[in-house]
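Comments concern the structure below.
The values are calculated or read from the model by the stated rules, or taken from the named source; none is laboratory data. Keep in mind that this is a model prediction, so the values were computed, not measured. Note: ideal-geometry Cβ built from the backbone for every residue, glycine included; neighbour counts use all protein chains shown. The protein model used for the area step is the full one, side chains on, heavy atoms only, and it has no ligands, DNA or RNA in it. Shrake-Rupley method; radii C 1.70, N 1.55, O 1.52, S 1.80 Å.
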Amino acid sequence: MYDFNYHKPSSIDEAIQLFTDLEDAVYLAGGHTLLPSLKLRLAAPTDVIDLAGIPGLNGIDYSGDDLKVGALTPHDDVSTSPVVQSVIPALASLAGGIGDAQVRNRGTIGGSVANSDPAADYPAAVLGLGAQLVTNQRTLNADEFFTGMFETALEEGELLKEIRFPKPEAAAYVKYPNPASRYATVGVFMTKTSEGVRVAITGAAPSVFRATDMEAALNADFSEAALDGISLDADMMNEDLHASAEYRAHLCVVMAKRAISQI
Amino acid sequence: MSISVSMNVNGKAVTQACPANTTLVDLLREKLQLTGTHVGCDTSQCGACTVHMNGRAIKACTILAAQCEGAEITTIEGLGDADNLHPMQEAFRECHGLQCGFCTPGMIMSAVDLVNREASLDETIIREGLEGNICRCTGYHNIVRAVETAARKMRN
Ligand SMILES: Cc1cc2nc3c(=O)[nH]c(=O)nc-3n(C[C@H](O)[C@H](O)[C@H](O)COP(=O)(O)OP(=O)(O)OC[C@H]3O[C@@H](n4cnc5c(N)ncnc54)[C@H](O)[C@@H]3O)c2cc1C
Ligand code: FES
Ligand code: FES
């Protein structure tokens, strides 16, 4: 890890100002993606802006229509929250399946979503539930947020404040985890809403995506059998030493069927 | 950039100057000579560096010392000493929960957090709870026995 200047602003405005003024700054949340990449020298920012001193970014609230989760809320708080467990149990169980206990104590939902790792779990919940992402300057829909591998609609210096999840009629998340890291080799988040079924798949392709063929089939007939004729294009799948593209395409359907069986 | 960090380590107030890119584990081992906390991988995988921050198990190789400003840190040295072992340390010894001992400080810190937070434990919960800690020697069976034994003592 190269040396850098460390800053700990106490408000969002101060954080944005620092980001604008400094040469090559980066935000730090839980650090469980950023610090490993700094150690590998994949990134060498001049300045690190720690968001932990900003009040109001950490917490869970269900007083209105949506379940609101602050960007700095650690995975463990989401997984053990009685509110999340009762409003969207699939979200609590997704958070409880991330990495290991120590990772869940430090890693945050905002860091995971802003990072848009192709194998990360939270993007599947954000897209599957059709969440809204509140930043310092606007509110984005999940459908426009994830734009590619490690890419999102967030602009330079834009800060994610909160994620708002609408309560679904039912939802389930099933993943085939990498046995070492627990990242998703393939993970399927299946949601039933009054407007229809949403199927978001992570791990399989360069970025989380909605399986629209599956959604159409399930809107006509919500059953495992409805997916029998469906296959995903292996050409759009990731391939690495853990799983070939064909295997990932196959897993998408298997995980989707398991998710249906849980609903 | 040199910074000054203040935190409470094993019940003692500590203020230390260090470069901004210093990790907590480097501060503990190199500056405070608390070498009970080990570095197995330095890539957040093995859990040998596990300590408690405000009571919760974290990997000290994947947090900056600066992020621990004002925090309460407990390391294996703060849990017990040779004359006065913590029940978890005692149980690891009794149950032969270690061989080379390299993973042991991290295992014990994770296990103590696990027992403190889970209302009831069984083998599956213990194995899943220790997923962030890798042991290359024991095959884990005796570690699970040690945690079960310690949990009974800690709850009495
Ligand atoms: C051993 C290990 C296992 C893991 N296993 C899994 C797993 O199974 N599933 C999974 O999904 N993840 C896994 N992770 C990743 C983990 O969940 C990370 O914590 C998470 O991806 C990033 O969150 P963070 O808070 O640590 O972010 P950081 O590392 O602090 O930041 C990540 C990126 O997001 C940016 N950022 C952070 N917060 C904001 C914000 N509020 N607004 C704008 N930008 C922001 C940062 O600038 C940085 O570029 C694992 C990590 C480790 C080390
Ligand atoms: S040294 Fe920290 S996890 Fe291995
Ligand atoms: S006792 Fe040797 S690594 Fe666990």
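Side notes on the structure shown:
- Any hit, region A:75-87, residues being open to solvent by less than 40 Å² (accessible area, probe 1.4 Å) and closer than 24 Å to residue A:9 by Cβ: yes
- When region A:170-207 is limited to residues that are farther than 21 Å from residue A:232 by Cα and without any contact (Cβ under 8 Å) to a residue 24 or more places away in the chain, the one that is farthest from the other protein chains (Cβ to nearest Cβ) turns out to be A:195.
- Set side by side, the residues A:144, A:162 differ, and just one is more than 8 Å from ligand 1 (Cβ to nearest atom), part of a strand (DSSP E or B) and away from chain B (no Cβ under 14 Å), which is A:162.
- For region B:109-126, a tally of residues being open to solvent by 10 Å² or more (accessible area, probe 1.4 Å) and under 13 Å from residue B:142 (Cβ atoms) returns 1.
- Selection from region B:78-108 of residues that are closer than 16 Å to residue B:47 by Cα and open to solvent by 40 Å² or more (accessible area, probe 1.4 Å): B:98, B:100, B:102
- Tally of residues being surrounded by fewer than 20 Cβ atoms within 10 Å (Cβ to Cβ) and touching a residue at least 60 places away in the same chain (Cβ under 8 Å) across region B:8-22: 3
- Residue within region B:23-35 that is within 16 Å of ligand 1 (Cβ to nearest atom) and part of a loop (DSSP other than H, G, I, E, B) present: no
- Given (1) touching a Phe, Trp or Tyr at 6+ places or on another chain (Cβ under 6 Å); (2) away from ligand 1 (no atom under 16 Å from the Cβ); (3) part of a helix (DSSP H, G or I); (4) not β-branched (Val, Ile, Thr), number of the condition residue B:98 does not satisfy: (3)
- Inter-residue pairs, beta-carbon under 8 Å, first closer than 21 Å to residue A:3 by Cα and more than 13 Å from chain A (Cβ to nearest Cβ) and in region B:23-52, second within 10 Å of ligand 2 (Cβ to nearest atom) and open to solvent by 20 Å² or more (accessible area, probe 1.4 Å), 6+ apart: B:29/B:39
- Single condition residue B:113 does not satisfy, out of (1) modelled with pLDDT of 95 or more; (2) more than 11 Å from every other protein chain (Cβ to nearest Cβ): (2)
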